[in-house]
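Encoded as C-alpha cells, the structure appears first; notes follow it.
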Amino acid sequence: MSIRPILIHPDPRLKKQCTPVPEVTADIGKLAEDMLETMYDAPGVGLAAPQVGVNKRLFVMDCVKEDGAEQRPMVLINPEIITASEETNTYEEGCLSIPEQFGDVTRPKLVTMRWMGLDGKTHEDEFDELWATCAQHELDHLNGKLFIDHLGSIKRQMITRKMVKLKRERARA
Ligand code: NI
C-alpha cells in the first residue's frame with residue numbers, strides 16, 4: 001500500500017465526470033487500498049478516486065468516529081443512489097481537496113445506495129447521518145462536483161481564492 005498525493009482545488013481533474021469501472025482488476029484493488037491508506041493518513045472520512053487523479057467511479061469511506069471503535073473501511077465502485085429521503089440534514093462539510101475550509105450543506109438525511117464491491121458483487125445498503133452525508137459528498141466528486149458548489153457564489157469564490165493562494169505558497173516552499 002502507498003499514500004498517494006491528494007489534488008487540491010482548483011484543479012481541472014476535480015471537475016470531470018468520472019468513467020464507470022467495468023470490472024474489479026488487480027489495479028482497482030491496489031487503487032482502493034492506496035485510497036484507504038491515504039484517507040486514514042490524512043485523516044479523513046471519505047476519499048474519491050478523482051482526488052488522487054484517477055478518473056474512475058469509485059470512492060472509499062469510513063465514518064466511524066468514536067475513539068477506540070473498530071474501523072469500518074468501505075469501498076464503493078460505480079455507486080448510485082436508489083432512494084433518497086425527503087427529510088434533510090445539514091452538516092458542516094469539509095474536503096481533503098479543500099483543506100481547512102468548511103461550509104454547511106443540506107442533503108437528504110437517508111439514502112439507499114447500490115454499488116459494486118471489491119468482490120465484484122452488487123451491494124445495497126441504507127446510509128444515515130454522517131454516513132449519508134459522506135456517501136453523497138463522495139458521489140458528487142465522481143460527477144465533478146465539490147461541496148463548495150452547494151454554497152453561495154460569494155463563499156465559493158472566497159474559498160477558491162484561498163486555495164489558489166495556498167497552492168502558490170506550497171509551490172514556492
Ligand atoms: Ni471531498
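Read-outs throughout are calculated quantities, based only on the coordinates presented, and are distinct from any laboratory measurement. Small disclaimer: the values here were computed from a predicted structure and weren't measured. Glycine also receives a Cβ, built like all others from the backbone with ideal geometry; neighbour counts cover every protein chain displayed.
Would you mind getting me the FRET efficiency between Asp119 and His150? Use the beta-carbon distance for r and R0 = 25 Å, nearest 0.05.
After rounding to 0.05, the efficiency reads 0.15.
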(request) State, to one decimal in nm², a quarter of the convex hull surface area for the C-alpha atoms of the chain, i.e. the direction-averaged projected area. (result) 10.4 nm²
(request) Would you grab the residues whose amide H sits under 5 Å from the one on Leu110? Only those 5+ places off in sequence or on another chain, please, with H modelled 1.01 Å from N. (result) Ser85
(message) Skipping prolines and chain starts, which residues have an amide H placed within reach, meaning under 5 Å, of the one on Tyr91, given they are 5 or more residues away or on another chain?
(response) Val105, Arg107
(request) Could you list, in their original order, any pairs among Lys56/Lys121; Lys56/Lys165; Lys16/Lys121; Lys30/Lys162; Lys15/Lys65 whose Cα atoms are separated by more than 22 Å? (result) Lys56/Lys165; Lys16/Lys121; Lys30/Lys162; Lys15/Lys65
(request) State, to one decimal in nm, how far the label point of Gln157 lies from the label point of Glu70, with both points 7 Å from Cα in the Cβ direction. (result) 5.1 nm
(message) For a quick check, take a GNM of the chain with Cα springs below 10 Å and name the residue from Gln51, Gln136, Gln101 with the largest mean-square fluctuation.
(response) Gln101
(request) Go ahead and set up a Gaussian network model of the chain, Cα springs under 10 Å, then flag whichever of Glu33, Glu66, Glu100 fluctuates most. (result) Glu66
